[in-house]
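Reviewing the structure listed below.
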Amino acid sequence: MPFFAILSLFPEAIEPYLGASILGSARERGLLRTQVIDFRDFTRDRHRTVDDRPFGGGPGMLLRAEPIAECIEWLEARHGAFRRIALCPSGRVFRQTYAAELAADLVHSPRVLLLAGRYEGFDERVLEAFDFERISLGDFVLAGGELPALCVVEAVARLLPGVLGHEESARQDSFATGSKSPAAENGAGAEPGLAERPASTTESVLDTPHYTRPRTWRGREAPAVLLSGNHGQIERWRTAAALERTRERRPDLLTDPRRSAAAERRRDVQH
Ligand SMILES: C[S@@+](CC[C@H](N)C(=O)[O-])C[C@H]1O[C@@H](n2cnc3c(N)ncnc32)[C@H](O)[C@@H]1O
């Protein structure tokens with residue numbers, strides 16, 4: 001079973017989230033295992049000191065290497081080796097492709113360790129000595145790695161078989177890679193091969209807009225095509241709307257120039 005161990009100085013900030021909603025249900029159903037460990041428990045001094053001043057001076061404190069190292073050694077002595085990931089603003093930016101890669105890798109190595117920092121971050125040597133990957137949630141700085149660690153667990157967990165109620169939902173989400181559905185591929189309209197989303201494992205688009213009852217809400221109509229019952233037309237509309245939305249809001253995702261052109265032509269047809 002996939003096993004996420006989170007090393008943090010604030011387990012009480014993490015546990016409630018892991019126990020709620022989709023993650024809580026996945027744990028209860030035996031689809032996921034989690035353990036949150038306070039690496040302060042691996043200090044040896046009277047004051048349980050985890051931090052110290054940086055060599056060379058400068059503001060703030062750094063996390064000392066030794067308590068983290070002893071925590072990892074304790075954990076791995078019990079369960080075996082983990083894929084080790086440190087949450088760092090200077091890491092590889094976490095995207096859906098990274099989440100998918102981690103989820104796929106869990107088949108071969110089901111144990112992932114997530115190290116949440118605090119203060120000014122870690123003594124570099126512990127990350128080097130334990131061969132850590134580094135993940136950033138984006139170009140901003142939080143006070144700690146707890147939220148990024150939870151984001152990684154949730155983004156990966158919802159890609160695991162059985163975790164979501166409806167398997168198709170993860171495939172239809174924004175940034176999902178791989179073919180959306182056979183219906184989308186077959187009913188792609190004027191340009192089969194361009195309109196199914198996405199075409200390659202590196203390309204992704206945003207989710208299509210969604211609507212639910214009532215059909216008219218405060219004078220706003222849901223698109224008639226979605227109530228037509230014609231699944232081919234619905235898929236074509238959704239594909240075109242997703243491409244158009246991506247083109248408007250995130251053109252950087254449309255790495256394939258043919259795809260941008262296809263979105264443009266569809267927009268012209270619609271208007
Ligand atoms: C105040 S930050 C340290 C920032 C560090 N001095 C820097 O500029 O890269 C404390 C901790 O929060 C976490 N953190 C903050 N922002 C993050 C981000 N964008 N992605 C991942 N982790 C982040 C990391 O675990 C980090 O060690």
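Only the coordinates and a few stated rules stand behind these numbers; no lab work does. Worth saying up front: this structure is predicted, and the values here are computed from it rather than measured. Cβ atoms come from the backbone with ideal geometry, glycine included; neighbour counts cover every protein chain shown.
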### Task
Mind listing the long-range amide H neighbours of Thr34? Cut-off is under 5 Å, sequence gap 5 or more, other chains count too, H placed in the peptide plane at 1.01 Å from N.
Phe4
### region 1-95: relative contact order in percent, alpha carbon pairs under 8 Å with at least 6 residues between
22 percent
### Task
Enumerate the amide H contacts of Leu7 below 5 Å, restricted to partners 5 or more residues apart or on another chain; note that Pro and chain-start residues carry no placed amide H.
Ile37, Leu114, Leu115, Ala116
### Summary
Surrounding charge for Arg213, neighbours by C-beta under 14 angstrom, Lys/Arg +1, Asp/Glu -1, total +2
### Query
What ranking of Arg78, Arg158 emerges when the number of other C-beta atoms within 10 Å of each C-beta is taken as an exposure proxy, fewest first?
Arg78, Arg158
### Task
Figure the gain on full extension for Arg134 and Asp105 (residue separation times 0.36 nm, minus the Cα-Cα span) and round it to one decimal in nm.
8.8 nm
### Task
Note down the net charge around Ala5, summing +1 for each Lys or Arg and -1 for each Asp or Glu among other residues with Cβ under 11 Å from its Cβ.
+4
### Query
How much net charge surrounds Arg40 when only other residues with a Cβ under 15 Å from its Cβ are counted (Lys, Arg +1; Asp, Glu -1)?
-4
### Summary
Averaging 1/r across every pair of distinct alpha carbons in region 112-167 and inverting yields a Kirkwood hydrodynamic radius, in angstrom, of 13.1 Å
## Note on the structure
The residues Glu244, Glu167, sorted from fewest to most surrounding Cβ atoms within 10 Å, come out as Glu167, Glu244
### Message
For a Förster distance of 22 Å, can you work out the FRET efficiency between the beta-carbons of His210 and Gln96, rounded to the nearest 0.05?
### Response
0.75
## Note on the structure
About its Cα centre, region 65-176 carries a charge dipole, from +1 on Lys and Arg Cβ atoms and -1 on Asp and Glu Cβ atoms, whose size in debye to the nearest 20 is 240 debye
### Query
Taking other Cβ within 10 Å of each residue's Cβ, how do Trp217, Trp237 sort, fewest first?
Trp217, Trp237
